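The values are calculated or read from the model by the stated rules, or taken from the named source; none is laboratory data. Bear in mind the structure is a predicted one, so any value in this text is a computation, not a measurement. Using ideal geometry, Cβ is built from the backbone for each residue, glycine included, and neighbour counts are taken over all protein chains shown. Remember, those area values only see protein heavy atoms, side chains included, never the ligands or the DNA or RNA. Shrake-Rupley method; radii C 1.70, N 1.55, O 1.52, S 1.80 Å.
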Number of protein chains: 4
Amino acid sequence: MESWKTAISYSDEDQIWIRGQAMTSLMANASFTEVVFLLHHGRAPSQDERRLLDAILIGVSDHGPGSPSAAASRPVASASRQAPEAAVAAGVLAIGDMHAGAGAACMEMIEAGLGMAHRESIGIAEAAHRVVVDAIQKKKRLPGLGHRIHKEDPRTPLLFDIARSSKLAGEGIEFITAVESIARELIKPLPINIDGALAAVLHDLGFPPLFGKLVFIIGRVAGLTAQVMEEYTRERPMRIRIPVDYDGIQPNGNGTNGQH
Amino acid sequence: MESWKTAISYSDEDQIWIRGQAMTSLMANASFTEVVFLLHHGRAPSQDERRLLDAILIGVSDHGPGSPSAAASRPVASASRQAPEAAVAAGVLAIGDMHAGAGAACMEMIEAGLGMAHRESIGIAEAAHRVVVDAIQKKKRLPGLGHRIHKEDPRTPLLFDIARSSKLAGEGIEFITAVESIARELIKPLPINIDGALAAVLHDLGFPPLFGKLVFIIGRVAGLTAQVMEEYTRERPMRIRIPVDYDGIQPNGNGTNGQH
Amino acid sequence: MESWKTAISYSDEDQIWIRGQAMTSLMANASFTEVVFLLHHGRAPSQDERRLLDAILIGVSDHGPGSPSAAASRPVASASRQAPEAAVAAGVLAIGDMHAGAGAACMEMIEAGLGMAHRESIGIAEAAHRVVVDAIQKKKRLPGLGHRIHKEDPRTPLLFDIARSSKLAGEGIEFITAVESIARELIKPLPINIDGALAAVLHDLGFPPLFGKLVFIIGRVAGLTAQVMEEYTRERPMRIRIPVDYDGIQPNGNGTNGQH
Amino acid sequence: MESWKTAISYSDEDQIWIRGQAMTSLMANASFTEVVFLLHHGRAPSQDERRLLDAILIGVSDHGPGSPSAAASRPVASASRQAPEAAVAAGVLAIGDMHAGAGAACMEMIEAGLGMAHRESIGIAEAAHRVVVDAIQKKKRLPGLGHRIHKEDPRTPLLFDIARSSKLAGEGIEFITAVESIARELIKPLPINIDGALAAVLHDLGFPPLFGKLVFIIGRVAGLTAQVMEEYTRERPMRIRIPVDYDGIQPNGNGTNGQH
């Protein structure tokens, strides 16, 4: 078998090395968030970069037992008392294209929009305008914008403030802000939500679009493990009851109305 | 349907609340590791407690693409380019009883041993002695002790040093150290490995045994997302080839030797 | 890398071979259930054996969207429209020790009980008696017996009838029937449920205990894929709403009663 | 909470009902494959339809331990001895867009091509021609066609023969055969592979494109459970060793060549 190749980590007899740094040195001196940055970016973050990544990981860490990921973890935890990893994994699987997929999609939109701006030597506002018009014409949603209730997500201005005050706000934040402003004009108020905010910030930190989803997984797993622990400690096994209405084919000659 | 109950988090129109603390306040002021502590322990950590949890999360974060969890993530990432969450989840599933299960098992051993010491008013060393003798009689392994190569895991003394220098070393570290010393006498040198070290430290921080596995999942997910990202960016889809020897029933009248 | 070994299947340029039989020949002549038997047992079944396995796979195939496995699949299907495999996998993960784990546990009880009978040259009824008494003393449940509502599971007599009429009923059915009868005397009516019934039948067909869980997974996956398909086609994404009551720490100075 | 709705199944005190049919009646009279059809199609199959679905489920059931799905299951089975469902689920997760995704994609191509033929009142050959030309212009692959080694997949003619001899071959087979013939002319020989064959047959049986992936999952799970059982019974835990080359940043001042 051909060897698998990696530039992330390896271990020898005495040590594990992460991106060329000794594990024990990281354990003694770094925070976990710095190692998350190191693992995915290949270098350690500055303190301002670390602070932004901390804020993002915290911002996506939990949303209650009814969020789609926790709602998938809980039934598994209810039915399986020996394999907590199975319950956590089920929750991770719910982090699909609908739930938190918008972060990666928004990073792709930002990359494409800024790529167009640079290629065609147009301003970022003009690129954002074209992106919004294109979405309107194709009847596509703008990923990272909009909420069920049309209010600002309080996490967005906070992230942008940290980025700006530490001079880490770049073209990503400029672009998404332009998109929001043009969308407000041409469509309706569509405030930047947490997916759009983290997408812009991660772009400005130099991460690829895929990380927009991975960062959500890393942060949310901490919420899911807490949800699983609570299910194990507070609830009896098999306690979950989902009310179901059957409205399919009735048994032959059976007049039941299918309410169960 | 009966409502699900939770004491972890909820959201209202303006805010998400984690253990009674506003999400935006946590994002502005806390590190992700502090929120991991808060989510699972119900209160914020001291800086020393936070530092220990950081060291543990870092210590389990990655071990290369050949570790069982990454070895499960990589084939999924190789076969599925649209669902990175599936590849991460497959890796989480490998964090079973054999790979990293020792952390939780060791915390249970510590709890049981210390419980016996307190109940029967015997010393911790005596309780440790009984636990080792019992394991010898039942031919059971001592979870959290021993390595394939009989050398010290460099992460163990580091964790214990941090715990001791910050006055957070308690009965957990005392007990596991006693177990190691008695096992060395009665069996052979079985140095405390990372699972045993984090088990003792987490016990002294007041976490339940289950957290011994959950903390491994939280930390390792950061390594798995990096492994998945590398598979996506460095490798072509479907590149993994496992060499296989077939040694089962041969086709009727077919003389093939089954080497494939 | 050392090659992986297998006695199940391999492929050459022209053909895939399953337990030494050509895939195209199986496709032309066998039923899927026969191949399930072949894959796990290493030989093709007789028609009576095939019929029993069909009845078992059907008997566990679906139980509605509220069963724990479907209740885990549905939220993932609701949140992820691009990866139906993730939704199915989440459902498989709920087939843990509490939900359907009893099949494998019951097969182990049968194996242990019959092993004792043969080793100690006692009758099967006597072995069953000891097993029940032991469970009473250790306050352990008898796996495969009992229901929430104390009525017979209609699937049990049906399976046993097929087994008996085809002369495939063996010591497994004899043992579990003895256990039921003794439990009725010493404890209370604990009718053999589907897990106990399939355990006895699979034992008599020569399968190992592990297959008691695997057969449930194979059969139930067909129900889960149907549940996922229905979620995709009948429901809009993100439609699932779980009602949640928060009863944890309240925000400082915030008098909300935590009803959300 | 709003009740979940289903037209698939429900249970009452005495019985489980699948699409209006009593579970015990299905267990007594049907084959598992018939119930797979019933669950997903809403009606029982004819014997010819059942025979085709059997052939498809068998045809995708296993491909050896080195196939991507088994290659994901095996490391999980190696690391987790208590949760076989986790190992099976990891294998299911590898059934992504690259491995077996072509079935659903090919069914979509068939639906789109035939839809165009009907809408624009052109012949099926003409529609197939446009689809191939469009793929050439867009440099897209034709899903369901082509193999690594340019030979016929023996499963394809077998499936088509069964379909034709039972008069179940319809526009799906006609369309994909036309696509193959035009592709041979305009591109190169791209024989219809198993994904393309099952896509055409399932289309002609009236299944929606999504079932092209689900049927692969249902069939392959039987192979995965066999692979997991073999890992448990033949191999010691944690036996899998993946050879890895590290080619990333070297430790400061450390001259190791990174071969591990």
Query - Among A:Ser121, A:Ala94, A:Gly144 - extreme Cα towards positive end, dipole of the stretch A:45-184, charges at beta-carbon - result: A:Ala94
Requested in this report: Name the aspartates and glutamates eligible as straight-distance cross-link partners of C:Lys167: C-alpha to C-alpha under 12 Å, and not fewer than 8 places from it in the same chain.
Outcome: C:Asp48, C:Glu49, C:Asp204
Report task. Could you pull out the GluC sites (Glu not before Pro) across the stretch C:167-260 that fall in loop regions by DSSP (anything but H, G, I, E, B) with no more than 16 other Cβ atoms inside 10 Å? Result -> C:Glu235
Report task. Quick one: of B:Lys213/C:Lys213; C:Lys213/D:Lys213; A:Lys5/D:Lys140; D:Lys151/D:Lys213; D:Lys5/D:Lys140; C:Lys5/D:Lys213, which pairs are farther than 31 Å apart, Cα to Cα? Result -> D:Lys5/D:Lys140
Query raised in the report: Nearest 20 debye, what's the magnitude of the dipole of the stretch D:146-191 about its Cα centre given +1 on Lys and Arg Cβ and -1 on Asp and Glu Cβ?
Result: 160
Query raised in the report: Residue by residue through the stretch B:54-64, which ³J(HN,Hα) values in whole Hz follow from phi under the Karplus form 6.51 cos²θ - 1.76 cosθ + 1.60 (θ = phi - 60°), with glycine and proline marked x?
Result: 4, 4, 5, 4, 5, x, 10, 6, 7, 8, x
Query raised in the report: Which of the GluC sites (Glu not before Pro) across the stretch A:92-153 are loop residues per DSSP, with 14 or fewer other Cβ within 10 Å?
Result: A:Glu120, A:Glu152
Report summary line: Per GNM of chain C with C-alpha springs under 10 angstrom, the most fluctuating residue out of C:Ile18, C:Ile122, C:Ile249 is C:Ile249
Report task. Rounded to whole Hz and in sequence order, give me ³J(HN,Hα) for the stretch D:225-239 from the Karplus expression 6.51 cos²θ - 1.76 cosθ + 1.60, θ = phi - 60°, writing x for Gly and Pro. Result -> 5, 5, 5, 5, 4, 5, 4, 5, 8, 9, 10, 7, x, 6, 8
Report task. Starting from the Cα gyration tensor of the stretch C:1-90, multiply each eigenvalue by 5, take the square root, and state the resulting semi-axes largest first in whole Å. Result -> 31, 21, 12
Query raised in the report: Based on Cβ point charges of +1 for Lys and Arg and -1 for Asp and Glu, what charge dipole magnitude is obtained for the protein assembly as shown about its Cα centre, in debye rounded to the nearest 20?
Result: 0
Query raised in the report: What value does the stretch B:36-133 have for Rg/Rh, both radii from Cα atoms and Rh as Kirkwood defines it?
Result: 1.13
Query raised in the report: With +1 on each Lys and Arg Cβ and -1 on each Asp and Glu Cβ, how big is the dipole of the stretch C:160-260 about its Cα centre, in debye rounded to the nearest 20?
Result: 300
Query raised in the report: Relative contact order for the stretch B:103-163: what is it in percent, counting Cα pairs under 8 Å that are at least 6 residues apart?
Result: 33
Query raised in the report: How high is the relative contact order of chain B, in percent, counting Cα pairs under 8 Å that sit 6 or more residues apart?
Result: 24
Query raised in the report: For C:Lys139, which lysines qualify as cross-link partners when the Cα separation must be under 17 Å and same-chain residues fewer than eight apart are set aside?
Result: C:Lys188
Query raised in the report: Can you pull the semi-axes for chain B, root of five times each eigenvalue of the Cα gyration tensor, sorted largest first, whole Å?
Result: 36, 31, 17
Report task. Collect residues whose amide H, placed 1.01 Å from N in the peptide plane, falls under 5 Å from the amide H of D:Arg81; neighbours closer than 5 in sequence don't count. Result -> B:Asp97, B:Met98
Query - Test item: B:229-237 mean partner chain Cβ contacts at 10 Å - result: 4
**Report entry** Total accessible area lost when B and A pair, probe 1.4 Å, Å² to nearest 100
**Finding:** 6800
**Report entry** Residues whose placed amide H lies under 5 Å from that of A:Leu145, excluding near-sequence neighbours
**Finding:** A:Asn193
Requested in this report: Count neighbours as other Cβ atoms within 10 Å of each site's Cβ, and list the trypsin sites (Lys or Arg not before Pro) in the stretch C:73-159 that are DSSP loop with at most 15 such neighbours.
Outcome: C:Lys138, C:Lys139, C:Lys140, C:Arg141, C:Arg148, C:Lys151
Query - Span per principal axis, largest first, for the Cα atoms of the protein assembly as shown (Å) - result: 79, 73, 62
Report summary line: Residue-ordered couplings for the stretch B:190-202, obtained by feeding phi - 60° into the Karplus form 6.51 cos²θ - 1.76 cosθ + 1.60 and rounding to whole Hz (Gly and Pro as x), are 10, x, 5, 8, 4, 5, x, 5, 5, 4, 5, 5, 5
Query raised in the report: Mean residue ellipticity at 222 nm from the helices of chain A, using -39,500 (n - 2.57) per DSSP H segment of n ≥ 4 over the full residue count, to the nearest 500 deg cm²/dmol?
Result: -18000 deg cm²/dmol
Report task. Taking H placed 1.01 Å from N in the peptide plane, check which residues at least 5 places from D:Val244 or on another chain put their amide H under 5 Å from its amide H. Result -> A:Trp4
Report summary line: In chain A, taking the dipole from +1 charges on Lys and Arg beta carbons and -1 charges on Asp and Glu beta carbons about the Cα centre, the listed residue (A:Gln250, A:Ala163, A:Phe175) farthest towards the positive end is A:Gln250
Query - Binned Cα-Cα distances of the stretch A:132-249, short to long, each 5 Å bin given as a whole percent - result: 2, 9, 15, 16, 15, 11, 9, 9, 7, 5, 1, 0, 0
Query raised in the report: Which whole-number percentage describes the relative contact order of the stretch D:1-86, with Cα contacts under 8 Å and a sequence gap of 6 or more?
Result: 13
